[in-house]
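The values are calculated or read from the model by the stated rules, or taken from the named source; none is laboratory data. Quick caveat: nothing in here was measured; it's all calculated off a predicted structure. Here the Cβ is made from the backbone with ideal geometry for all residues, glycine too, and neighbour counts use every protein chain on show.
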Amino acid sequence: MVNRRSVIGAAVLGGGVVAIGGMAAREFAGGQGTSSARATSGGSLLVPKLYSGERENGIRVFDLNLQRGVSQFFKGIDTPTIGINQSYLGPTLEMRAGETVRMNVSSDLSETATVHWHGFHLPARADGGPHQPIAPGSTWSPSFEVKQRASMFWYHSHAHRRSGPQVYKGLAGAIYVRDDETERLDLPNDYGVDDIPLIVQDRAFNRDGSFAYSTSMHNVMMGMTGDTLLVNGIVDPVFEARSDLLRLRLLNGSNARFYRFGFGDARAFMQIGSDGGLFEQPYRTDNIVLAPGERAQIVVDLSDGRPTSLSADSLETMGMMGGGMGNRGMRDRGDRMGGDMGTNGGRRGGMMDERRRFTVLNIRPAAQRRQVNIIPSQLIALAPIEPETAIKTRRFVLQMGMNMMRGGGFTINGKSMDMQRIDETVKVNTTEIWQIENASMMAHPFHIHDVQFRVLDRDGRQPSPQDTGLKDTVVVAPREVVRVLLRFEDYTDPELPYMYHCHILEHEDAAMMGQFLVKA
Ligand code: C2O
Ligand code: CU
Ligand code: CU
């Protein structure tokens, strides 16, 4: 099974974009797909079940059980997995802004886990980080008000030094927050029909079918990657589209891999939102880069009736090290992070030796489709970005330390995560600038709990349009300095901190994480 993927990967790298478009089209037409591709591809996309909980006394209650299971990603081959209310991943939790929710999270696992609500603004005690462990056999029941704007968020393990292996095995799921403002917009909004979450995760397998997760020095340094792409837990899924406009919500739920998403036929699409909500206006592009933890919402037009495929090129994250990448790696990153993101996308894919192209989704427009409607040109209003309201600037320096060669050593401001140590204390009801400086040779997705922030600049330059929405995770390229603006609205706690960390989960587990308090 692993081989099949490499065979396809190699063929596509040689042939470039046209080849993959053509290959997909032939398969859909029932022609000569390669037999190796036919062995496992063609499964229908699985859309996670939508779970809206139950209303009890005005509160929306979700019952979530962490459980062990067995999944078949390849026919006839069992893979031991972890899921929430099912064997792999969990249902999509649906909730509305303004509601109060309670999560009853019980665990049948044999090790301590946690469930973190990634992207949520909530009290530290409800955050689900390493300070809220769920022991085997116990139940954790946090309750909080949904203060988010409508967007797709996600939940996943944040267990102390165990996030990587637990997420890899399946402890993750999507969250849809709804609100009136976005539902008034004329956007595809029918879950599972024209509004689809895509949880993108690369995985490596052992011969016996089990996940090949390992914390070798290489995997700790580079993060754990795999050669097979799972999309909502399915390999090479096919989706039959019943509408001309299809809204896809992408979540890079991988442990470490960065992707550039685009269509096999290079068609343009609209990006309508990022991590924490919709943009003010749709942004027309032909590619999107997402690091682990990041999300994007896109709308693609299928009114030409042609089959297409969404693909993901793996991006090199090292800057100056590694197999002669040198300047080429840096230059590519410059393109990616600088303003000009829309020009070429995956077309250069075959140039990079470390690169790999995955098929995310084969899309086959049905003969009978809901007619196209036009995407509104105005989406939602965002608060203006006003750096002058910040009362201070805090610096965060990301480094690879001296003990890197012993399988660790990623630090923030020279420190490794210590659950007993508070690294930063912010005052409630204030605005700050966080200046994140990457002094290492690798790109890191920097994630901050509790807030949705705005990107101010990268190396002093204006962020690209894809960076201007609400963010909770931001990529910082090697040697780059990124400034973000954050406002700490409420929820003080004298003792319990929130986290900030690299969202490459092996780096997080290797202690590339710090803690901050929000104080009265
Ligand atoms: Cu998605 Cu602190 O994590
Ligand atoms: Cu988070
Ligand atoms: Cu990192």
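Surrounded by fewer than 22 Cβ atoms within 10 Å (Cβ to Cβ), basic (Lys, Arg), outside any loop (DSSP other than H, G, I, E, B) and at pLDDT 95 or above - does that describe any residue in segment 424-439?
Yes, there is a match, as at least one residue in segment 424-439 is surrounded by fewer than 22 Cβ atoms within 10 Å (Cβ to Cβ), basic (Lys, Arg), outside any loop (DSSP other than H, G, I, E, B) and at pLDDT 95 or above.
With respect to residue 125, is the statement that it is in contact (Cβ under 8 Å) with a residue 40 or more places away in the chain and either in a strand (DSSP E or B) or out of contact with any helix residue (DSSP H, G or I) (no Cβ under 9 Å at 6 or more places or on another chain) (or both) true?
Yes.
Give just the number: which of (1) surrounded by fewer than 18 Cβ atoms within 10 Å (Cβ to Cβ); (2) in contact with a strand residue (DSSP E or B) (Cβ under 9 Å, 6 or more places away or on another chain); (3) touching a residue at least 40 places away in the same chain (Cβ under 8 Å) does residue 111 not satisfy?
Among (1) surrounded by fewer than 18 Cβ atoms within 10 Å (Cβ to Cβ); (2) in contact with a strand residue (DSSP E or B) (Cβ under 9 Å, 6 or more places away or on another chain); (3) touching a residue at least 40 places away in the same chain (Cβ under 8 Å), the lone unmet condition for residue 111 is (2).
Is it the case that residue 270 is over 15 Å from the mean Cα position of the chain (by Cα), at pLDDT below 95 and of a type in the set (A, V, I, L, M)? First the steps, then the outcome.
Working: over 15 Å from the mean Cα position of the chain (by Cα): yes; at pLDDT below 95: no; of a type in the set (A, V, I, L, M): yes.
Taking the combined requirement at face value, the residue does not satisfy it.
Exactly one of these conditions fails for residue 496: (1) surrounded by 20 or more Cβ atoms within 10 Å (Cβ to Cβ); (2) within 16 Å of ligand 2 (Cβ to nearest atom). Give me its number.
(1)
Quick test for you: out of 506, 489, pick the one residue that is more than 16 Å from ligand 2 (Cβ to nearest atom), within 30 Å of residue 226 (Cα to Cα) and in the same structural domain as residue 424 (by TED's automatic domain parsing).
Only one candidate passes the filter, namely 506.
Select from segment 499-520 the residues that are surrounded by 22 or more Cβ atoms within 10 Å (Cβ to Cβ), more than 24 Å from residue 213 (Cβ to Cβ) and more than 12 Å from ligand 1 (Cβ to nearest atom) and list them in ascending order.
Correct list: 518 only.
What are the pairs, 6+ residues apart or on separate chains, where a residue within segment 486-510 that is closer than 16 Å to residue 453 by Cα has its Cβ under 6 Å from a residue that is more than 16 Å from ligand 2 (Cβ to nearest atom) and among the hydrophobic types (A, V, I, L, M, F, W, C)?
So the pair list comes out as 488/426; 488/428.
Test residue 157 against the criterion of being of a type outside the set (A, V, I, L, M, F, W, C) and within 12 Å of ligand 2 (Cβ to nearest atom), and give yes or no. Break it down into steps so the answer makes sense when it comes.
On the way: of a type outside the set (A, V, I, L, M, F, W, C): yes; within 12 Å of ligand 2 (Cβ to nearest atom): yes.
It is true that residue 157 is of a type outside the set (A, V, I, L, M, F, W, C) and within 12 Å of ligand 2 (Cβ to nearest atom).
If we only count helices (runs of 4 or more DSSP H) wholly inside segment 155-268, which ones have 1 or more residues that are touching a residue at least 12 places away in the same chain (Cβ under 8 Å) and within 25 Å of residue 371 (Cα to Cα)?
Values: elements: 163-169, 180-183, 217-222.
By residue number, 180-183.
I need a count of the residues in segment 431-443 that are within 16 Å of ligand 2 (Cβ to nearest atom) and touching a Ser or Thr at 6+ places or on another chain (Cβ under 8 Å). Walk me through it before giving the result.
Initial filter on segment 431-443 (within 16 Å of ligand 2 (Cβ to nearest atom)): 434, 436.
If we keep only those that are touching a Ser or Thr at 6+ places or on another chain (Cβ under 8 Å) too, we end up with 434.
Matching residues across segment 431-443 total 1.
Could you tell me which of the residues 108, 127 is of a type outside the set (Val, Ile, Thr) and within 12 Å of ligand 2 (Cβ to nearest atom)?
Values: 108 fails: within 12 Å of ligand 2 (Cβ to nearest atom).
Answer to the check: 127.
Quick one: which of 119, 173, 164 is within 16 Å of ligand 3 (Cβ to nearest atom), at pLDDT 95 or above, assigned by TED's automatic domain parsing to the domain that holds residue 295 and in contact with a Phe, Trp or Tyr (Cβ under 9 Å, 6 or more places away or on another chain)? Walk me through it before giving the result.
Working: 119 fails: within 16 Å of ligand 3 (Cβ to nearest atom); 173 fails: within 16 Å of ligand 3 (Cβ to nearest atom).
The unique qualifying residue is 164.
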